[in-house]
Every structure is written in structure tokens, then in C-alpha cells.
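Visitor: Structure below; questions to follow.
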Amino acid sequence: MPLAAITLAAGLGTRMRSGRAKVLHELAGEPMIFHSLRPLLAVRANPVIVVVGHQAEQVQAVVRGAFDSAGIRFAHQDVQRGTGHAAMCAMDCLPRSFEGQVLITYGDMPRLQPGTISSFMRAHGESGAALSFISVKLDDGGAYGRVVRDDDGQVAAIVEARDATPDQRAIGEINTGVYAASAAFLRSALGAIGSGNAQGEYYLTDLVAIARGRGLMVNAFVAADFSEFAGINSREELAAVNADLRAAINARLMASGVTLIDPATAYIGEQVEIGIDTIIGPNVQILGRSRIGCGVRIDGTAWLSDVVIGDRSHLKIGIRAEQCRIGPDCEVGPFAHLREGTELEGRNRIGNFVETKKARIGWGTKASHLSYLGDASVGRETNVGCGVITVNYDGYEKHRTEIGDRCMVGCDTQLIAPVKVGNDVYVASGTTILRDVPDGCLVMSHHPQREKPGWTANWHQRHKANQPGGDSES
């Protein structure tokens, strides 16, 4: 049967003490809500309806940027009046023709796993229940709602902790707040939820009483791992989940053949893939959908986001790289900055204090130190000397520079874009290139060198004369 999903993500998150929506705070280098949505997409829920409220435009923009073709829709809960009200808003976005099952989860529940969802939905279907929810058993239920069962072991009610009797508070089975029901039941039952409580809000827990009042079965699926359902309501809880998630990611990577020299300072995203025999040094962040090959070495103190790194490449200390591709057998750094759009074909040397941006660097080409290559393409087996700059910006627009194969670009060269340098060109040091250079040329723009004998002694004498009590002779 078709499955739709609703994720409640409209809350203010007041305990975060933040001007940013709670679901946009980051876990493993990406917004919390990404972790909450991926399991729903993994079980092929369609549509997935995200209920937004606080900072709705920002949340929508971030989600669309990452899941633009995943069948995600947005429902607006302009005034937050409880979980039941949020579900009502979501159901207004579900087509009336949809007759499948609906799963309800939360944007601040990032540890829920696809396997748990699949098992829950299978148990829901096999039970024949009108409504199912996930419960877990704890030694101390704390502030969670207690699951009250009748003499036959069937779910009778969910009682909030503040309303529970001492005997009910002693119950160890608690409600996680994850629900599943048919779209038809939800359309009918959500309309029957009342707001006659101290907060004047509509609560999903009332669905249990409504189903039982209609003589319908309610099933509680008891999950084994409570940590999957731990919501994040404060920065302390965010840090704790971040630490747990990081430890799990690092353990998985090490088990797959990756060496982490200091796992405590390796911050690696959940979507990152790393090949065997790669060595990651201390103080490294690898984020986004980065793909690291086999036998790579990253020495340490690096920030990498959405990068692809080929086999056996070596990133020395102090690297920042984002949205770029580094081919095999490259040597980068120390202290290099590879900006978005950089492509190193392979066996390249990008040295200390080199910055690249939208630059395609051919096989075997080197830029060893103190250069800027922006909006440029450089051919194969070319050497870019120290202090070379592609002058790409005229104050209004960016322009491209093209440098051919097997060129020798001397130190302190400026290439004023747009400009094209052919193959096998030798550029003399200190040259400013203003127009295209044909293949095989020597190009230079030197001014004649002049000398003034005795100038230095006179210069010192003039400075001494300007000091108090100094010689006034010129």
C-alpha cells in the first residue's frame, strides 16, 4: 500500500535559545532535518510533507536545496497549536485521492533508522490496527507519556506524565510520538481532536482515545533502541547527539578499513564515503557528499566539503577545499585553498598559499606556491611559478584565462583576462600578459634595467640630514 509521511518541523525550539529554527541546527555538518528526512525517503514515502512554521522560508529553502526532486511538500502551521494541529495542516496538503498509510515523525528526531520504520510499518499492517505508534521501555519514563494497557495486553490509553497517577508513572513503557494510520482514519480522527486542555492545544495522543472509543484496535510497536527516538530540544542535547552520531560514523569507517589517527577530532559527515587504507589525521572535518578514494592521506587540520579525492592523493596540513575534484596521485598543500569549481586532473602539485577557483588543472601541472588561479584552465605538464595571478575580475564581470600544455609560466606573472596562452609557451618572470600568445613563443614585458651609481650612499645621507642634529649637507 502507498506510504506518505508527515514530519513535524514547525516548532520554535525555545530551549535552544536561538534565532535560528531548531531543525536548521547542524548535526555532523548538515542541518538536523536532513537526518530526519532521509529515512523517510529511504522507505520510499511519497509524498513527504514537512510542516513548517518558525522561519518557514529558510527551512523550505534549505530542504529544497538538498532534496529538490524527492517529492517533498510543505504545509504551513502559522500558529503552533500542538502536534495534532500540525498534523491537520499536513493532511490539507495530502491529495484527497491518497488512500494509503501515513507515517508521522518529527524534524528533531534525527536518529530514526529506515530499518526501524520498515519493521514498524510491517507490524502495523499485519496487526490490522487502525492506529499504531512506536513505544520503548525505560527504567524511568521521565516526562514521556505512559502506555497504559488493559488486562488483555492491548493498548488502552496514553497518559501524559503530568496527568498520570503514581501507579501509571511507574509504567516503564513510553510513547515515542511516532504514529502510523490510514489516511482515511486520520482525516476522520484529526477532526475529532479537541483542545479542551490547559494549553488549549490539539495533541496527537488523543488519537488513541478516539480509536478506542470507536472500538478500533490500537497497536504499540515496542522498539529496542530508545536512542533512535530521542528528540533534540537544547544545545546540550544537540551536542550529545552530535557526539553519538560522530562516534557511530567513525566506528563504521574504521571497521571498513579507514585509519583515523585521532577519532575524537575527526568530524565526518554521514553521507561521506572513504576508501580503504586512507589515513585521516587529527582535526579534520569532511562534510557533505564527499567521496575520498583509497590510499589517500590527509595530514590534519583540514576542512573539506563536497569534495571528490582520487586514490593515493596527499593533502598536507591546513587545507580548505569545497565543491571540487582532486584527481589521483595529487599533492596539495600545506595551506592551500581549493574553492568551488576546482578540478585537478591528476598527479598535480598545488603548494603552499595557492588559491584556486573554477580552475581546471591538467594532468601533471604544478602550481607550487603563492599563486591565484581563478576562472582558468591550465593544460597538462605546465609549471606555474611563484606569485602568478590570473586577473579575472574587472569590477563588474569575471573573465577566463586559458593556459596550454607544457608551458613554463615564470614567477610574478599577471595574466589579464580574458586571455589565451598557447601550448609550449615560455613566460619570462615579471611579465604582464595583455593579449593572446601563440604556441611555442617566449613572451616577456620587461622594462630596460637601469643603474644609478652611488645612489644608495646619497639616499642614506639625505635621511641622516633629516634627523635632529643631523648633517645638513645634501
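The values are calculated or read from the model by the stated rules, or taken from the named source; none is laboratory data. Just so you know, these numbers come straight off a predicted model, no measurement behind them. Don't worry about glycine lacking a Cβ; one is built from the backbone with ideal geometry, like all the others, and counts go over all protein chains shown.
Visitor: Mind checking whether some residue in segment 101-109 is surrounded by 17 or more Cβ atoms within 10 Å (Cβ to Cβ), within 35 Å of the chain's Cα centre (by Cα) and charged (D, E, K, R)?
Guide: yes
Visitor: Same structure, new question: Would you say Glu173 is closer than 23 Å to Met88 by Cα and among the charged types (D, E, K, R)?
Guide: Answer is no for this residue.
Visitor: Which one of these does Ala223 not meet: (1) touching a residue at least 24 places away in the same chain (Cβ under 8 Å); (2) more than 36 Å from the chain's Cα centre (by Cα)?
Guide: Failed condition: (2).
Visitor: For Ser36, indicate whether it is of a type in the set (Ser, Thr, Tyr) and either outside the structural domain of Met88 (by TED's automatic domain parsing) or at pLDDT below 95 (or both).
Guide: no
Visitor: For segment 308-385, give me every one of the strands (runs of 3 or more DSSP E) that falls completely inside it and has 2 or more residues that are more than 20 Å from Val427 (Cβ to Cβ).
Guide: By residue number, 320-326, 355-361.
Visitor: Counting just the residues of segment 401-414 that are in a strand (DSSP E or B) and over 36 Å from the mean Cα position of the chain (by Cα), which one comes out surrounded by the most Cβ atoms within 10 Å (Cβ to Cβ)?
Guide: Taking the candidates together, the pick is Val409.
Visitor: Which one is nearest to Pro31 (Cα to Cα) among residues in segment 286-328 that are crowded, with 19+ Cβ neighbours inside 10 Å and polar (S, T, N, Q)?
Guide: This residue is Ser305.
Visitor: So, one more: If Thr7 passes every condition in (1) at negative phi; (2) modelled with pLDDT under 95 but one, which one does it miss?
Guide: Going through (1) at negative phi; (2) modelled with pLDDT under 95 one by one, Thr7 breaks only (2).
Visitor: Would you pick out the residues in segment 359-400 that are closer than 21 Å to Leu442 by Cβ, crowded, with 20+ Cβ neighbours inside 10 Å and out of contact with any Lys or Arg (no Cβ under 8 Å at 6 or more places or on another chain)?
Guide: Ser371, Val388, Thr390
Visitor: Is it fair to say Glu331 is under 21 Å from the mean Cα position of the chain (by Cα), charged (D, E, K, R) and either within 20 Å of Asp262 (Cα to Cα) or in the same structural domain as Pro418 (by TED's automatic domain parsing) (or both)?
Guide: So Glu331 fails the test.
Visitor: Report every pair of residues separated by at least 6 positions or lying on different chains whose Cβ atoms are under 9 Å apart, first residue within segment 184-199 and within 19 Å of Leu103 (Cα to Cα), second in a loop (DSSP other than H, G, I, E, B) and of a type in the set (Ser, Thr, Tyr).
Guide: Leu190/Tyr202; Ile193/Tyr202; Ile193/Tyr203
Visitor: If you don't mind, there's one more thing I want to ask. Please enumerate the residues belonging to segment 114-134 that are surrounded by fewer than 21 Cβ atoms within 10 Å (Cβ to Cβ) and either assigned to a loop (DSSP other than H, G, I, E, B) or among the polar types (S, T, N, Q) (or both).
Guide: Passing the criteria: Thr116, Ser118, Ser119, Ser127, Gly128.
Visitor: Got a sec? Which of Arg111, Arg96, Arg64 is farther than 25 Å from Ser234 by Cβ and assigned to a loop (DSSP other than H, G, I, E, B)?
Guide: Of the residues listed, the single one that is farther than 25 Å from Ser234 by Cβ and assigned to a loop (DSSP other than H, G, I, E, B) is Arg96.
Visitor: Another question about this same structure. Would segment 163-177 turn up any residue that is on the phi > 0 side of the Ramachandran plot, touching a residue at least 40 places away in the same chain (Cβ under 8 Å) and surrounded by 14 or more Cβ atoms within 10 Å (Cβ to Cβ)?
Guide: yes
Visitor: Could you check how many residues of segment 191-231 are over 19 Å from Glu160 (Cα atoms) and crowded, with 18+ Cβ neighbours inside 10 Å?
Guide: Of the residues in that region, 2 qualify.
Visitor: Within the set of pairs 6 or more residues apart or between chains, which connect a residue that is at negative phi inside segment 350-374 to a residue that is acidic (Asp, Glu) and assigned to a loop (DSSP other than H, G, I, E, B) with Cβ atoms less than 6 Å apart?
Guide: Qualifying pairs under 6 Å: Gly362/Glu345; Trp363/Glu345.
Visitor: Now for a separate question. I'm trying to understand the selection: among the residues of segment 234-266, which are modelled with pLDDT of 95 or more and not in a helix (DSSP H, G or I)?
Guide: Ser256, Gly257, Val258, Thr259, Leu260, Ile261, Asp262, Ala266
Visitor: Moving on to the next point. Can you run down the residue pairs with Cβ atoms below 9 Å, 6 or more apart or on separate chains, where the first is in segment 3-25 and within 15 Å of Ser36 (Cα to Cα) and touching a residue at least 40 places away in the same chain (Cβ under 8 Å) and the partner is of a type in the set (Phe, Trp, Tyr) and surrounded by fewer than 21 Cβ atoms within 10 Å (Cβ to Cβ)?
Guide: Within 9 Å, the pairs are Ala4/Phe98.
Visitor: Still on this structure: On the phi > 0 side of the Ramachandran plot and at pLDDT 95 or above: does that describe Gly440?
Guide: Considered against the rule, which asks whether it is on the phi > 0 side of the Ramachandran plot and at pLDDT 95 or above, Gly440 comes out as yes.
Visitor: Still on this model: Considering only residues that are within 41 Å of the chain's Cα centre (by Cα) and either modelled with pLDDT of 90 or more or part of a strand (DSSP E or B) (or both), which ones fall in segment 146-169?
Guide: Arg146, Val147, Val148, Val155, Ala157, Ile158, Val159, Arg169
Conditions tested, residue by residue: (1) in a helix (DSSP H, G or I); (2) among the aliphatic types (A, V, I, L, M); (3) surrounded by 13 or more Cβ atoms within 10 Å (Cβ to Cβ).
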{"site": "Lys420", "(1), (2), (3)": "no, no, yes"}
{"site": "Asn423", "(1), (2), (3)": "no, no, yes"}
{"site": "Glu451", "(1), (2), (3)": "no, no, no"}
{"site": "Thr456", "(1), (2), (3)": "yes, no, no"}
{"site": "His463", "(1), (2), (3)": "yes, no, no"}
{"site": "Gln467", "(1), (2), (3)": "no, no, no"}
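Visitor: Would you point out the residue of segment 92-115, among those that are in contact (Cβ under 8 Å) with a residue 40 or more places away in the chain and of a type in the set (Ser, Thr, Tyr), that is farthest from Ala10 (Cα to Cα)?
Guide: Thr105
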